[in-house]
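J.: One structure follows; several queries about it will come next.
Coordinate-derived values only; no laboratory data. Remember, predicted model here, so these are calculated numbers, not experimental data. Cβ: placed from backbone, ideal geometry, glycine included. Neighbour counts: every protein chain shown.
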């Protein structure tokens, strides 16, 4: 692990209760090492020792690390103003899938709720070629969603409220172990950090931010699921809720979300797919534009165009950087030049696609 990474971890630990300030410093100086040069006393010996311990844990257990300024950071989460500065991940999955759906709900679901959740995930898996299910491994709907994804053979991401040296609740350890082979675990917490109450609320922003859409399956009038739904709204994510009977306490929160138009009513997977305008069948590669035929592309531009042709809906610039392994500045510059020549089109949110004829 590089010295810069040790400095990042130490800085985040030293300012763990002042993450906004830590981000301001990093944005101001560009790196943790530069922060230390200008503020040499901001990180104490304890933080450096903690960072070294974390580095050893990372190396021993094959942990992946993600810094919010790096191209491999989850690009959806990068769009959120309060995204974690550092993420730790273990497993075997793509943290930037084509489709990402977070599923949350009550910890004491009805049989109806559990059955609906399972069928919903299985149906998504049948209709979408690349979809990942995200949740928090909690009792109830969370673990039902993870289990259904494993059953369907699609990736699932677990977002815990603690470090990667434990699983909580321990009764769900087998699910977590299976997810490592077919998905992964992503957290902002270093090893040794326990699942304290306030960590669960904080981790909800990752559950919301890493997804394209958040689905709420049964929720009382107050609960963590509604917090996640609100965070998703704040991040401009699509929120869906399964309706319940008017006198069903377990669905009161969902009904209120729908009634107040803070969530779209959902009864089956097709509702979400239609609302998100996702394609359920394989599509032909995007047709070559007339501008591309007339314009002599550079080698880099041809690489980018070939990648963009794989998905008519387009790619995020950070996805293109990851997929092509090209420098961010080079990708951004070439995309702008290609747009000027009518080959590609820039879309809101950093998305790009092939220009239509």
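J.: With the contact rule set at Cα under 8 Å and sequence spacing of 6 or more, what percent relative contact order holds for segment 1-61? It would help to have the intermediate numbers written out before the result.
T.: Working: 43 pairs, mean separation 27.7, N = 61.
About 45 percent, as a whole number.
J.: Pairs of Cα atoms under 8 Å, at least six residues apart: use those to get the relative contact order of the chain, whole percent. Write down the numbers at each step before the final one.
T.: Working: 637 pairs, mean separation 46.6, N = 357.
Once normalised by length, the contact order is 13 percent.
J.: Could you tell me whether the chain comes out rounded, prolate or oblate from its Cα gyration tensor? Rule is a ≥ b ≥ c as square roots of the eigenvalues, rounded for a/c under 1.5, then prolate if a/b exceeds b/c, otherwise oblate.
T.: oblate
J.: Something else: Taking segment 1-61, how much of its Cα-Cα pair set, in percent, is spaced more than 13 angstrom apart?
T.: 57
J.: Dividing the Cα radius of gyration by the Kirkwood radius, what Rg/Rh value follows for segment 99-276?
T.: Computed over Cα atoms, the ratio is 0.94.
J.: Let me ask something else. By average Cβ neighbour count within 10 Å, what is the ranking of 77-86, 266-275, 203-212, 38-47 from highest down? Please report the intermediate quantities before stating the final value.
T.: Numbers: 77-86: 19.1, 266-275: 16.8, 203-212: 25.3, 38-47: 12.5.
So the peptides 77-86, 266-275, 203-212, 38-47, ranked by packing, come out 203-212, 77-86, 266-275, 38-47.
J.: Using only the Cα atoms of segment 58-130, each taken as one equal point scatterer with no solvent, compute I(q) by the Debye sum, divide by I(0), and report log10 of the ratio at q = 0.14, 0.18 Å⁻¹.
T.: -0.68, -0.92
J.: In the chain, what % of DSSP beta bridges are antiparallel (nearest 5)?
T.: If I count the DSSP bridges inside the chain, around 40 percent turn out antiparallel.
J.: Viscosity 1.306 mPa s, temperature 10 °C: Stokes-Einstein D of segment 175-225 from its Kirkwood Cα radius, in µm² per second?
T.: Details: Rh = 13.2 Å.
Estimated via Stokes-Einstein, D reaches 121 µm²/s.
J.: Nearest 500 deg cm²/dmol is fine: what mean residue ellipticity at 222 nm does the chain get from its DSSP H runs of n ≥ 4 alone, each adding -39,500 (n - 2.57), divided by its residue count?
T.: -14000 deg cm²/dmol
J.: Please work out the FRET efficiency for the pair residue 249 and residue 194, using the Cβ-Cβ distance as r and a Förster radius of 41 Å; give the result to the nearest 0.05.
T.: Values: r = 31 Å, r/R0 = 0.76.
For R0 = 41 Å, the calculated efficiency reads 0.85.
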